[in-house]
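Trainee: Next up is a structure, given as structure tokens.
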Amino acid sequence: MVSPASGYDSAPVNGDLIELWNQEEEADERSPAAALAARRVAVRTVTEEAPGPAWQRHFAALWPAYRRWFLSEGERARMSLAASAGRLRSSMPELFPVYERLCALAAETGRGDIAARFLSLYRPPPYLAGCSQVLWTGGEPALIRNYDFDPGLWEATLWRSSWTGRRVLAISDCLWGALEGMNDRGLVVGLSFGGRRIVGDGFGIPLIVRYLLETCDDAREARWALGAAPSHMAYNLAVLDASGDAFVAYLTPGRRVEITDERVVTNHQSVLDWAEYTRFTQTLERRELLELALRDAASNGRPLLDAFLEPPVFTDRYDHSFGTLYTAVWRPAAGAVDLVWRDQRRTVTLAGALDEEWSVVLGGDG
């Protein structure tokens, strides 16, 4: 990771970060009971219309780990508070009052400058996540996706809120960003890493997903809004609205956003420049399988969801930070998301108010 003084121009991802993808598979030496416990996750929903006590408790619980990650390259590698807050205000002004409120809540817990710099999500350290996504527009519009990541780094929280006037249901990341989500206008957005090594000037992608959900009514508006805030890494976004309008966007630092009418997206873009990552994640194989499944669903009515629950789209490589944490079926016309695991299925609605928590065993029966 380069320092701010170098301008963040097309910097490669830190070699330490990609070491994982070059490792050979190793057997899990833990006992079966220990391995099972490591894969048991508590998933919860939280409803809080404006940032308040619930968000503050969420922040207090997760901040120590996020702080370690944020400062993992040294404090000087991170932007100043003035620069971070200023860039957020100019790029996403609609979110700035929310940001100020979150900073105030963080300060009440004794965290100040570092937390405020982190919450801007401007030029954070690099990070990777794997995802497979399909935009289904053949009947009831739906975004179907797997999220593949390290279970120990997942917030496992679905957040209902009305921070800027739109009601949003989102799977939380980076404390106020979103891995994916839906708003009350029927817009759905999901992210996946773009499989490229460059790191540039911009914001962490979870905040860009949050921005679209908070400010856009439909896919048409999202197309225009994507130019407002650059992504600091290569990421792909799958976007869908209740009318069935859908697109895939490829975001790359220093380049214009590429909008496509593709319906399947995994973890690569038009340029394949990271062979180790491509091989490890099987991004090409996953995309090919899902394209076949999409055609089969359209012509024969076979359930598209089945493809997400079997290899290679489903992966149980949790010890290598690349296991499937959940499958989600976002249905904007119904205002609901179905969360699917092999042992259970849960439906969470945008309009709901009852918070709940349940236990999931990742990768197997519970």
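Trainee: If a residue has to be at pLDDT below 95 and either acidic (Asp, Glu) or not in a loop (DSSP other than H, G, I, E, B) (or both) to count, how many in the range 182-198 make the cut?
Mentor: Qualifying residue count, the range 182-198: 1.
Trainee: Are there any pairs, at least 6 apart or on different chains, whose C-beta atoms fall under 6 Å, with the first in the range 60-78 and basic (Lys, Arg) and the second in a helix (DSSP H, G or I), and if so, which?
Mentor: ARG78/ARG117
This table checks each residue for (1) at pLDDT 95 or above; (2) crowded, with 23+ Cβ neighbours inside 10 Å.
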{"position": "LEU213", "(1), (2)": "yes, yes"}
{"position": "ALA225", "(1), (2)": "yes, no"}
{"position": "LEU237", "(1), (2)": "yes, yes"}
{"position": "ASP241", "(1), (2)": "yes, yes"}
{"position": "ARG255", "(1), (2)": "no, no"}
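Trainee: When residues of the range 83-142 are filtered for being closer than 30 Å to GLU285 by Cα and either of a type in the set (A, V, I, L, M, F, W, C) or touching a residue at least 12 places away in the same chain (Cβ under 8 Å) (or both), how many remain?
Mentor: In the first step, residues of the range 83-142 are kept if they are closer than 30 Å to GLU285 by Cα; the result is 125-142.
Filter once more, so that each one left must be either of a type in the set (A, V, I, L, M, F, W, C) or touching a residue at least 12 places away in the same chain (Cβ under 8 Å) (or both): 125-138, 140-142.
Counting residues in the range 83-142 that are closer than 30 Å to GLU285 by Cα and either of a type in the set (A, V, I, L, M, F, W, C) or touching a residue at least 12 places away in the same chain (Cβ under 8 Å) (or both) gives 17.
Trainee: So, in the range 112-167, how many residues would count as being part of a helix (DSSP H, G or I) and either of a type in the set (Phe, Trp, Tyr) or at pLDDT below 95 (or both)? So that I can check it myself, show each step before the final result.
Mentor: Of the residues in the range 112-167, the ones part of a helix (DSSP H, G or I) are 113-119, 151-153.
Still in the list and also either of a type in the set (Phe, Trp, Tyr) or at pLDDT below 95 (or both): 113, 118, 151-153.
So the count comes out to 5.
Trainee: Okay, moving on. Identify all residues within the range 137-193 that are of a type in the set (A, V, I, L, M, F, W, C) and surrounded by fewer than 19 Cβ atoms within 10 Å (Cβ to Cβ); write none if there are none.
Mentor: Within the range 137-193, LEU153, ALA156 qualify.
Trainee: Would you mind finding the one in VAL46, VAL98 that is under 19 Å from GLU357 (Cβ atoms) and β-branched (Val, Ile, Thr)?
Mentor: On the way: VAL98 fails: under 19 Å from GLU357 (Cβ atoms).
Just one listed residue meets the conditions, VAL46.
Trainee: Next up: Within the range 55-78, can you find the residues that are farther than 13 Å from GLU155 by Cβ and among the aliphatic types (A, V, I, L, M)?
Mentor: Matches in the range 55-78: ALA60, LEU71, ALA77.
Trainee: Search the range 91-129 for residues being small (Gly, Ala, Ser) and within 23 Å of the chain's Cα centre (by Cα), and hand back the single one that is surrounded by the most Cβ atoms within 10 Å (Cβ to Cβ).
Mentor: So the residue we want is SER120.
Trainee: In the range 349-366, which residues are on the phi < 0 side of the Ramachandran plot and surrounded by 18 or more Cβ atoms within 10 Å (Cβ to Cβ)?
Mentor: Answer for the range 349-366, where residues must be on the phi < 0 side of the Ramachandran plot and surrounded by 18 or more Cβ atoms within 10 Å (Cβ to Cβ): LEU350, VAL360, LEU362.
Trainee: I'd like to verify a number: residues in the range 252-282 that are under 17 Å from VAL209 (Cα atoms) and touching a Leu at 6+ places or on another chain (Cβ under 7 Å), how many?
Mentor: Selection size over the range 252-282: 1.
Trainee: Can ALA65 be described as in contact with a Lys or Arg (Cβ under 9 Å, 6 or more places away or on another chain), of a type in the set (A, V, I, L, M, F, W, C) and modelled with pLDDT of 95 or more?
Mentor: Against the criterion (in contact with a Lys or Arg (Cβ under 9 Å, 6 or more places away or on another chain), of a type in the set (A, V, I, L, M, F, W, C) and modelled with pLDDT of 95 or more), ALA65 does not qualify.
Trainee: Only residues that are out of contact with any strand residue (DSSP E or B) (no Cβ under 8 Å at 6 or more places or on another chain), assigned to a loop (DSSP other than H, G, I, E, B) and without any contact (Cβ under 8 Å) to a residue 40 or more places away in the chain: list them for the range 219-244, please.
Mentor: GLY227
Trainee: Using the structure shown, decide if ARG167 is of a type in the set (Lys, Arg) and within 14 Å of the chain's Cα centre (by Cα).
Mentor: no
Trainee: Conditions: (1) surrounded by 15 or more Cβ atoms within 10 Å (Cβ to Cβ); (2) out of contact with any strand residue (DSSP E or B) (no Cβ under 6 Å at 6 or more places or on another chain); (3) over 25 Å from ARG345 (Cα atoms). TYR250 meets all but one. Number of the miss?
Mentor: Condition not satisfied by TYR250: (2).
The values are calculated or read from the model by the stated rules, or taken from the named source; none is laboratory data. Just so it is clear, the structure is predicted and the values come from calculations on it, not from any experiment. Counting neighbours? That spans all protein chains shown, and the Cβs are built from the backbone with ideal geometry, glycine included.
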